[in-house]
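The values are calculated or read from the model by the stated rules, or taken from the named source; none is laboratory data. Given the structure is predicted, the values throughout are model-derived calculations rather than measurements. Glycine gets a Cβ as well: all are built from the backbone with ideal geometry, and neighbour counts include every protein chain shown.
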Amino acid sequence: MSKPADPGITNMSETQPLSDSHSDAAEPAVKLSCKHVWKVFGKDVQSLFTADGHFDQMALDGGEYISAVSDASFDVYEGEIFVIMGLSGSGKSTLLRCMTRLIEPSAGEIFFESQDLMKASESELIDLRRHKMGMVFQHFALLPNRTVLGNVALPLEVQGISRGLREQRALEVIELVGLDGRERYYPRELSGGQQQRVGIARSLAAEPDVWFLDEPFSALDPLIRREMQDEFMRLQNVLHKSIIFITHDFEEAIRLADRIAIMKDGAIIQIGTPEQLVLNPATDYVEEFTQGIPRAKVLSVEALMRDVDDDEFSGVVQAGAAIETQLDMILNADRGAVFAVHNEHAETIGALTREVVVDLLATTPRKS
């Protein structure tokens, strides 16, 4: 899913698309937009900012302030998985809470489907959170005295939906996340992965337009975490939600994301697809995250293809497929083999040589 570059970004490196040829798809709609968002902790924070959003950098640097989010600007598109990642203390969770105004931003603009959230009343915000925003956090926060069914149906109960309708919807979502048959279980009777599935089901029960997930799998064991990532991708293939996903794990980010925003010390350093971040890290800090990541896992066929030049093809590969998924066929071909690269319409848009893939596998990630 190709996204246009975010407009008006001044505080980060926004990598341009690797290839904009062969694409005539309409630009996706913007679901959520942040423009110059700040969250500063300290006394008399508002004195740092003027009415037009400018700030006093000298006062910020010289005073007893903590800038948790610094001038963050980006768009999240319809149906996109937008991952915000960084180390602990980088500001990613604070930024997520600013997007929903669970934490009040110090300055900036936030638009949800063109509605200015900074001007929304408390009742309007509550209504948005109940009906259009789904949230999943690292700690499951399940009610121990309620069954799986009761926990999942809770958001609908808060909305005032009748018991019969809310339980019917809850049962549908419970089946969607693979917990059918456990409706009457209590949280203590479930494994960690199953408890997280309950949390996911509960967040989906109200059919939110945007799904916010704050390190939802970080408390799970590695094998269960991988299983939950698979489940997450399966759900996204079914539901096509607009998703903001927080993580500190770059491998998790590249596995799940359409685009990734990397944060450091409250600022967004770079935004791009996993391919763009690996091929063109804007800073040494970004490059550190990409070291050790197998290029074949991240890069797509399209990233390595060249123009067609009277080639005889040994086979066909899909433009959007990861190189890793095509390795058996490519490496088992003869030396000099060339493969036709097809788009989703089975049109040949380029050529991929066996040699360029072999070179990719032999390339050692750059060192800082």
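VAL198: touching a Phe, Trp or Tyr at 6+ places or on another chain (Cβ under 8 Å), modelled with pLDDT of 90 or more and β-branched (Val, Ile, Thr), yes or no?
yes
Just to verify a result, which residue in the stretch 201-222, among those that are outside any loop (DSSP other than H, G, I, E, B) and in contact with a Gly (Cβ under 9 Å, 6 or more places away or on another chain), is surrounded by the most Cβ atoms within 10 Å (Cβ to Cβ)?
Top of the filtered list is ARG202.
Could you grab the pairs with beta carbons closer than 7 Å, sequence gap of 6+ or different chains, first residue in the stretch 159-186 and in contact (Cβ under 8 Å) with a residue 12 or more places away in the chain and loosely packed, with under 14 Cβ neighbours inside 10 Å, second one among the charged types (D, E, K, R) and not in a helix (DSSP H, G or I)?
Pairs found: none.
Would you pick out the residues in the stretch 317-358 that are more than 23 Å from ALA257 (Cβ to Cβ), within 30 Å of the chain's Cα centre (by Cα) and loosely packed, with under 14 Cβ neighbours inside 10 Å?
ASP328, HIS345, ALA346, GLU347
Do you know which of the residues in the stretch 17-49 that are of a type in the set (A, V, I, L, M) and either surrounded by 12 or more Cβ atoms within 10 Å (Cβ to Cβ) or not assigned by TED's automatic domain parsing to the domain that holds LEU95 (or both) is modelled with the lowest pLDDT?
Looking at residues that are of a type in the set (A, V, I, L, M) and either surrounded by 12 or more Cβ atoms within 10 Å (Cβ to Cβ) or not assigned by TED's automatic domain parsing to the domain that holds LEU95 (or both), I get LEU18.
Within the stretch 87-140, track down each residue that is under 22 Å from the mean Cα position of the chain (by Cα), of a type in the set (A, V, I, L, M) and outside any helix (DSSP H, G or I).
Of everything in the stretch 87-140, those that are under 22 Å from the mean Cα position of the chain (by Cα), of a type in the set (A, V, I, L, M) and outside any helix (DSSP H, G or I) turn out to be LEU87, LEU102, ILE103, ILE110, MET133, MET135, VAL136.
For (1) surrounded by fewer than 19 Cβ atoms within 10 Å (Cβ to Cβ); (2) modelled with pLDDT of 95 or more; (3) under 24 Å from ASN237 (Cα atoms), each residue gets a yes or a no:
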site	(1), (2), (3)
PHE82	no, yes, yes
GLY89	yes, no, no
HIS131	yes, no, yes
PHE140	no, no, yes
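Among residues belonging to the stretch 225-254 that are of a type in the set (S, T, N, Q) and farther than 10 Å from ILE81 by Cβ, point out the one that is surrounded by the fewest Cβ atoms within 10 Å (Cβ to Cβ).
ASN237
Residues of the stretch 237-289 being hydrophobic (A, V, I, L, M, F, W, C) and assigned to a strand (DSSP E or B), which ones?
Passing the criteria: ILE243, ILE244, PHE245, ILE246, ILE260, ALA261, ILE262, MET263, ALA267, ILE268, ILE269, ILE271.
For the subset of the stretch 310-335 comprising residues that are of a type outside the set (A, V, I, L, M, F, W, C) and in contact with a helix residue (DSSP H, G or I) (Cβ under 7 Å, 6 or more places away or on another chain), which member is nearest to GLN276 (Cα to Cα)?
Here the answer is GLY320.
Are there any pairs, at least 6 apart or on different chains, whose C-beta atoms fall under 7 Å, with the first in the stretch 57-78 and buried (at least 21 other Cβ atoms within 10 Å of the Cβ) and the second assigned to a helix (DSSP H, G or I) and of a type in the set (S, T, N, Q), and if so, which?
ALA68/THR94; VAL69/THR94
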